[in-house]
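Q: Here it is, the structure, as structure tokens.
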Amino acid sequence: MKRSYLFLILLVFIGNYIAAQEVSSESQLFAKRFIENIKDNKKETLADLVVYPLNRENPIPDIIDKADFIKRYDEVFDTSFKEEIIKSNPSKNWHDMGLRGVMLDKGSIWLDIDGRLTAVNYLSKFEIDFRKELIAAQKKDLDASIAYFKTPICILETEKFTIRIDDLSKSNYRFASWAAGKKMSEKPDLILYNGKLIVEGIGGNHQYEFTNDKYTYECAIIILGEENSPPARFTIYQGGKKILFQDAKIISQ
């Protein structure tokens, strides 16, 4: 999954699971191969073992393909991170996580059941500074009424709305929406505060819920769904009754 705030929440569910698992010989081989490729700086070999897009912390752009991975390799795998990986022990520092694959320590690296790289939950100093620049630029482009937040969460688009969710601080989520076609530099049509993040198991599916009098606004992010499931859904309830239900595209997350 893409974002570190959700990744940390998932650790609550998997912490006990880690301690109970022995690392299979196959997972150790995958870990050893990954370690050796990092040690030898085999960027092209590693690039062939990535499940794209490789998500980066919002609003840093995701790594979209092999060429992009090779270009940005040193931005992601800095000296400190490479040393951590190279010094790791496949039988002690890597953990089998069932169908989710194998992970390094508390999840800084995730490989799937075929040994392919699926997630890097680490930010180099370069990415930390770059992210700060991108967030500052976003704030300048937003209407003054919402140009303050700590972490951008996501931007969704439905047939009728553009929706932006931000974390103001310490999981204090804010919802802002505009009618389709409006720009985020315009004043939002609706702003809601004190949203809740609800995580469904360890599969990655999660949703943000906001209340406004008798109405509940739900933005669901779908990681694991049916074959034709959209990436997200937006639902409005009135007194528990569903009055609007729209598939959504994830513009940014």
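No value in this document is a laboratory result; all are computed from the given coordinates. If you're wondering where the values come from, they're calculated on a predicted model, not measured in any experiment. No Cβ is skipped: glycine too gets one built from the backbone with ideal geometry, and neighbour counts run over all protein chains shown.
Q: Positive end of the dipole of region 4-125, charges at C-beta (+1 Lys, Arg; -1 Asp, Glu), about the Cα centre: which of 98, 50, 37 has its Cα farthest in that direction?
A: 37
Q: What does the convex hull of the Cα atoms of region 85-192 come to per residue, in Å³, rounded to a whole number? Don't skip to the end; give the middle numbers.
A: Numbers: hull volume 16.9 nm³, N = 108.
Roughly 156 Å³ of hull volume per residue.
Q: Defining a contact as two alpha carbons under 8 Å apart and six or more residues distant in sequence, what relative contact order in percent does region 142-252 show? Don't jump to the answer; show the numbers that get you there.
A: Working: 250 pairs, mean separation 23.0, N = 111.
Over region 142-252, the number comes to 21 percent.
Q: Checking the cross-link filter: which lysines have an alpha carbon closer than 17 Å to that of residue 106, excluding same-chain neighbours under 8 positions apart?
A: Candidates past the 8-residue exclusion: 2, 82, 87, 92.
Q: Working only with C-alpha atoms, what are the Rg and Dmax values of the chain, expressed in angstrom?
A: Both quantities, over Cα of the chain: 19.7, 59 Å.
Q: Normalised radius of gyration for region 4-125, please: alpha carbon Rg relative to 2.2 N^0.38 Å, two decimal places. Walk me through the intermediate numbers first.
A: Values: Rg = 13.7 Å, N = 122, 2.2 N^0.38 = 13.7 Å.
The reported ratio for this selection is 1.00.
Q: Which of the aspartates and glutamates could a cross-linker span from residue 43 if the Cα-Cα distance has to be under 19 Å and same-chain partners fewer than 8 positions apart are dropped?
A: 62, 65, 68, 74, 75, 78, 83, 84, 112, 114, 127
Q: Tell me, what is a quarter of the convex hull surface for the C-alpha atoms of region 142-252, in nm² with one decimal? Please report the intermediate quantities before stating the final value.
A: On the way: hull surface 28.8 nm².
For the Cα atoms of region 142-252, the hull's average projected area reads 7.2 nm².
Q: So what is the 222 nm mean residue ellipticity for the chain from helices alone, if each DSSP H run of at least 4 adds -39500 (n - 2.57) and you divide by all residues, rounding to the nearest 500 deg cm²/dmol?
A: -9000 deg cm²/dmol
Q: Mind giving me the nanometre distance, one decimal, between the label points for residue 66 and residue 79, set 7 Å out from Cα along Cα→Cβ?
A: Placing both labels 7 Å along Cα→Cβ, they lie 3.1 nm apart.
Q: If you average the sequence gap of Cα pairs under 8 Å that are 6 or more apart and divide by the length of the chain, what percent do you get for the contact order? Walk me through the numbers on the way to the answer.
A: On the way: 454 pairs, mean separation 35.8, N = 253.
Here the relative contact order equals 14 percent.
Q: What residues of region 166-207 lie in the reach of a label at residue 214, counting those whose backbone N is under 12 Å from a point 7 Å from the Cα along Cα→Cβ?
A: Within reach of a label on residue 214, which here means backbone N under 12 Å from a point 7 Å along Cα→Cβ, region 166-207 contributes nothing.
Q: So, in region 142-252, how many Lys pairs have Cα atoms under 14 Å apart, if the pair is 8 or more places apart or on different chains? Can you show the working numbers first?
A: Details: 150/170; 160/182; 160/183; 160/249; 170/196; 214/241; 214/242.
Lysine pairs meeting the criterion: 7.
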